[in-house]
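Notes follow the structure.
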Amino acid sequence: MPEGWSGFSYIVTNLARFVRPDEVTFSGVNSTPPMLACLLAKRAYDFDFVYLNVAGGVQPRPSKIPLSSSDPVLAEGSTAIFANEDFYDLCTRGGMDLCFLGAAQVDGLGRTNVSVIGDWRRPKVRLPGGGGGAVMLPTARRAVTWRTEHSTRILVERLDFVTAAGGLHGVVTPIAVFVKREGRLALQSWHPEVSLDDVRGGTGFDFDAAGAAPTPLPTPREAAALRSLDPDGRFERDANVSIRQESAP
Amino acid sequence: MSLAEMAARVPDGASVALGGSFLHRGPFAFVRELIRQRRRGLEIVKQSPGYDIDILCRAGCVARARAGIVAMEGNFGLAPWYRRAVETRQVELEEHACMTLTAGLRAAAYGVPFQPVGGVHGSDLAALNRWASVADPYGSGRDVWVIPAIRPDVAVIHVNEADELGDARVRGTSHWDRILTRAARQVFVVAEKLVPAASFEDCPELTLVPGFMVQAVCVAPRGAWPGSCWPHYEIDYPAVESYLDSGRHLDAHLERAPEAAERVRPDAAERVRPDAAEPARAEAGQPGRTEAAEPTEPVRAEAAAPVRAEAAEPTRPRTSEPVGA
């Protein structure tokens, strides 16, 4: 069945919807969907916010959209370079309102693993590692993560390793948006082309779905903004996201 | 000084901090020269290594890594040879968050034995690394994690411009280069371009590293290839793709590198001081001594014996999405 709202667009659009007016918002390395989400929010929403990124950009106006989310082009149009130590220190002293952070596994408490699959000392898969999480997740006012697959190997009851714990506020997958409520991830909305049972079936932890509803479709401005950021579909193809979850190897 | 002479100053087993981040402004020509010289047992220190640590693992140069996040980035996913080296325990990993590694470097830079860092609460990394937490001695009731000092033997950075004294500056973000150069015992600067000292005098506030802190400087045009060096060149995506093709031998990649194509300048050798090839010793910071450089004889044209010590080929992981910061 053809997808009306692609999983890729679902992720980027819903990440953008976490952006709030006038807040300091950050996107990091290895983080293409949040990079696109921040740029989408700049183009699609009427409010302004302070966009910082790992390339040192402060309210940048990049002349093109890079494949690498740490590409120096993301500092074009900046009036300052806010380098790595600056934005980490800003975060730990409480000045980062919204921070997008990666995760390989997420548990029901909103803790994340980016370190290993399997035992840390004898890993089945060595993942990228600590990165921003252990310092930013507990100190950012809100942290939001994403996965391009919604499955029980990613949304787990028990993490293989707790790389970071703390202020995770939201999780976006190709078919669902979770937000933290009373210390646990709760379903906020799900992709209108799947069912609540699909979401439950792909989620390894129990969650509260009270008040959850199908996610509102992209507005014309959100859709147009994403098209303008990815006119030839390169990002969409690279991300290779489907809302039909097959178990990957 | 040539790139080869600079690399010769790093002995086997040295702790080497590398500048840049992922595929951006890394001292990659220098890293490839370490491979050509068959360096062994290195400790690599970097918050976000990728191509550099991967190719060093591929060539068997690395014993230990102290890193925050390791990936090829761009749209390339995990760093396959690094991943395999850690999974098979050929490389010992000290896993950090980028900022805990930076806290350790700050301790070294500040001349204190340890350094507090924000966050870390609830992370298994603390117990894994046996980090301590201390109560605020001033009575706020807050506990803070403290990271022991990390003092690399040498920090090597790739910069846009340097002068003969080693004054160095970069365009765009400095990534982590500032703290690396303050924490390490010695600083080596590889520059895209040599400029007159007067150019630094014109705007000294733009200098990232003052020359008196730099022990060696050389010039390697396109030395951050296949990564970017803003604003001169972008990531060479096909070259990274080709590097990751495990069906191709590493030598082919090394031979394609810009520094391998450079020709020896006839006057270059004469300009190198007699002690230039003396290897860096861990304890011996040589403050104030700088081997000045011309765009030089990079890689000895006759040398560059093929590197056969390549690690076994991993299959390139295509299964999982890159995990972001």
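Brief remarks on what is shown
- Elements of the type strands (runs of 3 or more DSSP E) sitting completely within segment B:15-104 and holding at least 1 residues that are within 14 Å of chain A (Cβ to nearest Cβ), in contact (Cβ under 8 Å) with a residue 40 or more places away in the chain and not aliphatic (A, V, I, L, M): these cover B:42-46, B:62-67.
- Whichever residue in segment A:132-158 is among the charged types (D, E, K, R) and surrounded by fewer than 23 Cβ atoms within 10 Å (Cβ to Cβ) and, among such residues, is farthest from the other protein chains (Cβ to nearest Cβ): A:GLU157
- Scoring A:GLU85 on the criteria (1) within 9 Å of chain B (Cβ to nearest Cβ); (2) modelled with pLDDT under 95 leaves a single failure, condition (2).
- Lone unmet requirement of (1) buried (at least 24 other Cβ atoms within 10 Å of the Cβ); (2) of a type in the set (Val, Ile, Thr); (3) within 17 Å of A:ALA75 (Cα to Cα) for A:VAL50: (1)
- Which numbered condition A:LEU168 misses (of (1) out of contact with any Ser or Thr (no Cβ under 6 Å at 6 or more places or on another chain); (2) among the aliphatic types (A, V, I, L, M); (3) at the interface with chain B (Cβ under 9 Å from one of its Cβ atoms)): (3)
- Failed item in (1) within 20 Å of the chain's Cα centre (by Cα); (2) in contact (Cβ under 8 Å) with a residue 60 or more places away in the chain, with B:ALA168 passing the rest: (2)
- Criterion: more than 8 Å from chain B (Cβ to nearest Cβ) and crowded, with 18+ Cβ neighbours inside 10 Å - qualifying residue of A:GLY94, A:GLY77, A:GLY110, A:GLY56: A:GLY110
- Residue that is nearest to the chain's Cα centre (by Cα), among those in segment B:193-240 that are surrounded by fewer than 16 Cβ atoms within 10 Å (Cβ to Cβ) and of a type in the set (Asp, Glu): B:GLU205
- With respect to the conditions (1) crowded, with 24+ Cβ neighbours inside 10 Å; (2) hydrophobic (A, V, I, L, M, F, W, C); (3) part of a strand (DSSP E or B), A:VAL125 falls short on a single one, namely (1).
- Residues that are facing chain B (nearest Cβ under 7 Å) and surrounded by fewer than 24 Cβ atoms within 10 Å (Cβ to Cβ) within segment A:113-122 comprise just one, A:TRP120.
- Residues considered: A:PHE205, A:PHE161, A:PHE235. Of these, the only one that is among the hydrophobic types (A, V, I, L, M, F, W, C) and surrounded by 22 or more Cβ atoms within 10 Å (Cβ to Cβ) is A:PHE161.
The values are calculated or read from the model by the stated rules, or taken from the named source; none is laboratory data. Please read these numbers as outputs of a predicted model, since none were measured by experiment. Counting neighbours? That spans all protein chains shown, and the Cβs are built from the backbone with ideal geometry, glycine included.
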